[in-house]
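Below is one structure, written out as structure tokens, with a few remarks after it.
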Amino acid sequence: MQIVVCVKQVVDPEMPHSAFRVDPEQKRVVPPPGTPPVLSPFDQNALEAALQIRDRLGAKVIAVSMGSSLARPVLSRTLAAGADELILLEDPSFRDLDSFAAAGVLAAAVRKIGEVDMVFTGRQSSDWDSGITGCVLAEELGFPCITVASKVEIADGQVRVERVIADGFEVVEAPLPCVVTIDSALGELRQVTLQALSAARKKPLRLWKAADLDLPPLPPPRCELLDLFVPKRETNCEFMDGDTPGAAAARLAERLREEGLL
Amino acid sequence: MILELKDYLDDMKRCARCSLCKWPPLAQMKSWRFSNNCPSIARYNFHTYSGGGRMALGLALAEGRLDTITDELLNIVYRCTACGACDSSCKYNAELEVLWPIYSTRAHLAGMGYFLPEHSMIIDSLRKEDNTLMKPKADRGKWAEGLGVKDLSKGEKAEVVYHAGCLYCYDPELSAIARDTVLLLKQAGVDVGIRGSQETCCGSTAFQLGFQGEFIKFAESNIDDWNAAGVARVVTSCACGFGIMKSVYPLLGRQMKFEVLHITQYLDELLKQGKLRFSRSFPARVTYHDPCNLGRKSETYVPWKGTEKKVLGQFILREPEKAVSRGWNGVYEPPRDIIRSVPGIQFVEMERIMEYSWCCGAGSGVKQTMNDLALWTASERIAEAKSVGGEAIVTACAWCEQNLKEAVRQTGGNLMVYDIVELVRQAL
Ligand code: SF4
Ligand code: SF4
């Protein structure tokens, strides 16, 4: 069995608030010096899902990441955590792709790997939180897609997935191959040990450029980023007077209605 | 942000490749054998491993002349204990910032996602467990069990909070010293408390490795917690913790409503006030190792912003005047005064001391990631201690102590290694 896990390198969502900056001209978050990018947290859960299946049933786990400038030390963590192989899809033309184009590139990589039984992605990446790539990837590959999984089991060529829903979970089954997007409820990515780190140095790390993939022309971006800014937070405090608590409450209701909040 | 490589462009450009950062100043040199000051250049011998070589590397990085970051480059960058000896030596002559460009080079690389794989373990441990040692957060306060010391994390109040530091909390041999420290403070009548399982790393390792964002989180939350606890003094045994709290915390722009003291300063004060008295003698020939972070690196760093003018074709005049940290104002006398006041002790200095002290080798993650360099550096210090006839070497930092002890064990020597608190306890 071969499992592909798509992992994305993102700006650290846990950077200190005091270091967060946006460049309004470039419409980008400016990563502060000394704050490395990280593996998107839900993608870490996705890798854990794959490793758990590998531990139970035996499988080859291949981590795939796509971008224009990928940090090896950040992505090599997938190998140290237990992935058998890491493929970097790195090309200047992969800079700032939207979810649809990204899914196209990832699909081309999955096709090139061939014989893939499952593809895992995080439910959404922590930078843009769109949650689209996994579903479009399934569409591109013609695989069924199950989203927001908290538990994944495989039996008799079928995948059985517990999905997180508002008041609990539901169980969905699908035939293989399929795409599953993983939720944090599945569990954190396992700790890396020193032995695993040195073992990871010997694992294969492949670099595929755009020309190495049988890539159809990428679709034009479907979303246009109009503006990026840190919202201003303003707090105004007004006290409602009234001769009695009832009168004050009535005045409060009036004010809320004036502001269009009631 | 405090570590910006471009802030040091002028310093890096002005490096004359004179190589004076590789040795203590001539006037301070006492022998050929111990004439090195930089563990990295002394061990690897190639210019890029020295302070000056690191300036050239930082400049190339800042100017975008390094298009590929190789594993070898990362190895060079991190085969350095960030001890600051190059910085003190350069400033004897040239007044360049050397250590901060070294930190900033690391921060620049880390920002691009380049670091050693082992660093990600340290940083993961900080993020999940609030310590650098991959130990459970819940166990952090266990060293103090049964001591009956106030726990500020449970709402108790104390005038002084004792911050043990990661290594003193988790290393069984060293946590005995943390227990002794609390007992000494209580014996001297100090109203002392700890933060138990809520104590966190000071962020020093993260800072020195260039993980500035991680450092800022720990530093800000420590300052806020100590302010909220209403303590007048923060006392720490960990020289790395003390160094970072004194030299870098003040740059974060948060008010610090407490005074930061290293345990050597506090014990020295208590001994001089007569609140602790020695009653037993310690008849041994003892030398003292200055931890870098207690010594030259503990001066509050003042970043300089202003204009520069060249006069007479060579001298740089700065407006406003620049405050230069030369390492002169480190904590050097309190530990020496403590040792000298122990009855029966024969105190002898090594050749490289104070701001020109030789590093123990454990700093800035080197102990965790490149133990060979750490142990070689320590073995050089041990040789120096023996060369002056030392029977014991006393230090005041958990990392120095652990590294020196391991090196003595490995080389099979008979030099004793003491934490200064152990010495005080034995002589009381
Ligand atoms: S860092 Fe200072 S001492 Fe070292 S080579 Fe440059 S100018 Fe000379
Ligand atoms: S900080 Fe210390 S180890 Fe690093 S280059 Fe300077 S003297 Fe050498």
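The values are calculated or read from the model by the stated rules, or taken from the named source; none is laboratory data. Owing to the predicted nature of the structure, the values given are computational and were not obtained by experimental measurement. Cβ: placed from backbone, ideal geometry, glycine included. Neighbour counts: every protein chain shown. Quick note on the areas: whole protein, heavy atoms, side chains included, nothing else; ligands and nucleic acids left out. Shrake-Rupley method; radii C 1.70, N 1.55, O 1.52, S 1.80 Å.
Descriptive notes on the structure:
- Among the residues making up region B:210-219, those that are open to solvent by less than 30 Å² (accessible area, probe 1.4 Å) and not β-branched (V, I, T) are B:G210, B:F211, B:Q212, B:G213, B:E214, B:F215, B:F218, B:A219.
- The residue of region A:199-215 that is nearest to A:S76 (Cα to Cα), among those that are in contact with a helix residue (DSSP H, G or I) (Cβ under 7 Å, 6 or more places away or on another chain) and in a loop (DSSP other than H, G, I, E, B), is A:K203.
- Unique match (being open to solvent by less than 10 Å² (accessible area, probe 1.4 Å) and part of a strand (DSSP E or B)) among B:Y168, B:Y162: B:Y162
- Which listed residue, of B:D151, B:D130, B:D87, is under 22 Å from B:L209 (Cβ atoms), open to solvent by 10 Å² or more (accessible area, probe 1.4 Å) and more than 14 Å from chain A (Cβ to nearest Cβ): B:D87
- Flag if B:I102 is more than 10 Å from chain A (Cβ to nearest Cβ), aliphatic (A, V, I, L, M) and touching a Lys or Arg at 6+ places or on another chain (Cβ under 6 Å): yes
- Here A:F169 meets each of (1) among the aromatic types (F, W, Y); (2) more than 23 Å from A:L88 (Cα to Cα); (3) out of contact with any Lys or Arg (no Cβ under 7 Å at 6 or more places or on another chain) with one exception, condition (3).
- Within region B:63-91, being among the hydrophobic types (A, V, I, L, M, F, W, C) and either more than 11 Å from ligand 1 (Cβ to nearest atom) or touching a Lys or Arg at 6+ places or on another chain (Cβ under 9 Å) (or both) holds for B:L66, B:I69, B:L73, B:L74, B:I76, B:V77, B:C80, B:A82, B:C83, B:A85, B:C86.
- The set of residues in region B:97-115 being open to solvent by 10 Å² or more (accessible area, probe 1.4 Å) and away from ligand 1 (no atom under 16 Å from the Cβ) consists of B:H108, B:G111, B:M112, B:Y114, B:F115.
- Filtered by the rule that a residue be within 14 Å of another protein chain (Cβ to nearest Cβ) and within 16 Å of ligand 2 (Cβ to nearest atom), region B:6-26 gives a lone residue, B:Y8.
- Residue within region B:283-296 that is acidic (D, E), under 22 Å from the mean Cα position of the chain (by Cα) and surrounded by fewer than 22 Cβ atoms within 10 Å (Cβ to Cβ) present: no
- When we screen B:A107, B:A62, B:A85 for residues that are touching a helix residue (DSSP H, G or I) at 6+ places or on another chain (Cβ under 9 Å), aliphatic (A, V, I, L, M) and within 13 Å of ligand 2 (Cβ to nearest atom), the only hit is B:A85.
- Residue check, B:P136 buried (at least 18 other Cβ atoms within 10 Å of the Cβ) and within 14 Å of chain A (Cβ to nearest Cβ): no
- Taking region B:350-405 as the range and being open to solvent by less than 30 Å² (accessible area, probe 1.4 Å) and among the basic types (K, R) as the test, the residues that pass are B:R352, B:K367, B:R381.
- Wholly within region A:1-109, strands (runs of 3 or more DSSP E) carrying at least 3 residues that are hydrophobic (A, V, I, L, M, F, W, C) and either within 14 Å of chain B (Cβ to nearest Cβ) or closer than 21 Å to A:V230 by Cα (or both): none
Conditions tested, residue by residue: (1) closer than 20 Å to B:D372 by Cβ; (2) within 20 Å of the chain's Cα centre (by Cα).
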residue	(1), (2)
B:S19	no, no
B:W23	no, yes
B:S35	no, no
B:T48	yes, no
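- In this structure, B:E118 does not satisfy being charged (D, E, K, R), open to solvent by 10 Å² or more (accessible area, probe 1.4 Å) and more than 11 Å from chain A (Cβ to nearest Cβ).
Matching residues to (1) assigned by TED's automatic domain parsing to the domain that holds A:M15; (2) under 30 Å from B:E72 (Cβ atoms); (3) in contact (Cβ under 8 Å) with a residue 60 or more places away in the chain:
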{"position": "A:I62", "(1), (2), (3)": "yes, yes, yes"}
{"position": "A:L75", "(1), (2), (3)": "yes, yes, yes"}
{"position": "A:L89", "(1), (2), (3)": "yes, yes, yes"}
{"position": "A:R95", "(1), (2), (3)": "yes, yes, no"}
{"position": "A:V119", "(1), (2), (3)": "yes, no, yes"}
{"position": "A:G122", "(1), (2), (3)": "yes, no, yes"}
{"position": "A:I146", "(1), (2), (3)": "yes, no, no"}
{"position": "A:G157", "(1), (2), (3)": "yes, no, no"}
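- Subset of region A:228-253 (residues that are open to solvent by less than 100 Å² (accessible area, probe 1.4 Å) and among the charged types (D, E, K, R)): A:R251
- Meets criteria (within 15 Å of ligand 2 (Cβ to nearest atom), open to solvent by less than 20 Å² (accessible area, probe 1.4 Å), outside any loop (DSSP other than H, G, I, E, B) and out of contact with any His (no Cβ under 8 Å at 6 or more places or on another chain)) for B:L74: yes
- Out of B:M29, B:M55, sole residue that is more than 14 Å from chain A (Cβ to nearest Cβ), under 23 Å from B:A16 (Cβ atoms) and away from ligand 2 (no atom under 13 Å from the Cβ): B:M29
- Taking first residues from region B:349-370 that are within 14 Å of chain A (Cβ to nearest Cβ) and partners that are within 16 Å of ligand 1 (Cβ to nearest atom) and among the small types (G, A, S), the Cβ contacts under 9 Å between residues at least 6 apart in sequence or on separate chains come to B:S364/B:A82; B:G365/B:A82.
- Count of region B:220-243 residues which are open to solvent by 10 Å² or more (accessible area, probe 1.4 Å) and either at positive phi or hydrophobic (A, V, I, L, M, F, W, C) (or both): 6
- Exactly one residue out of B:A60, B:A94 is more than 14 Å from every other protein chain (Cβ to nearest Cβ), more than 10 Å from ligand 1 (Cβ to nearest atom) and of a type in the set (G, A, S), and it is B:A60.
- Residues that are more than 16 Å from B:Y49 (Cβ to Cβ), assigned to a helix (DSSP H, G or I) and within 11 Å of ligand 1 (Cβ to nearest atom), drawn from region B:13-37: B:K13, B:R14
- The set of residues from region B:32-44 being within 12 Å of ligand 2 (Cβ to nearest atom) and free of Cβ contacts under 8 Å to residues at least 40 places away in the same chain comprises B:I41, B:Y44.
- Wholly enclosed helices (runs of 4 or more DSSP H) of region B:327-428 bearing at least 2 residues within 27 Å of B:K272 (Cα to Cα) and among the acidic types (D, E): B:333-340
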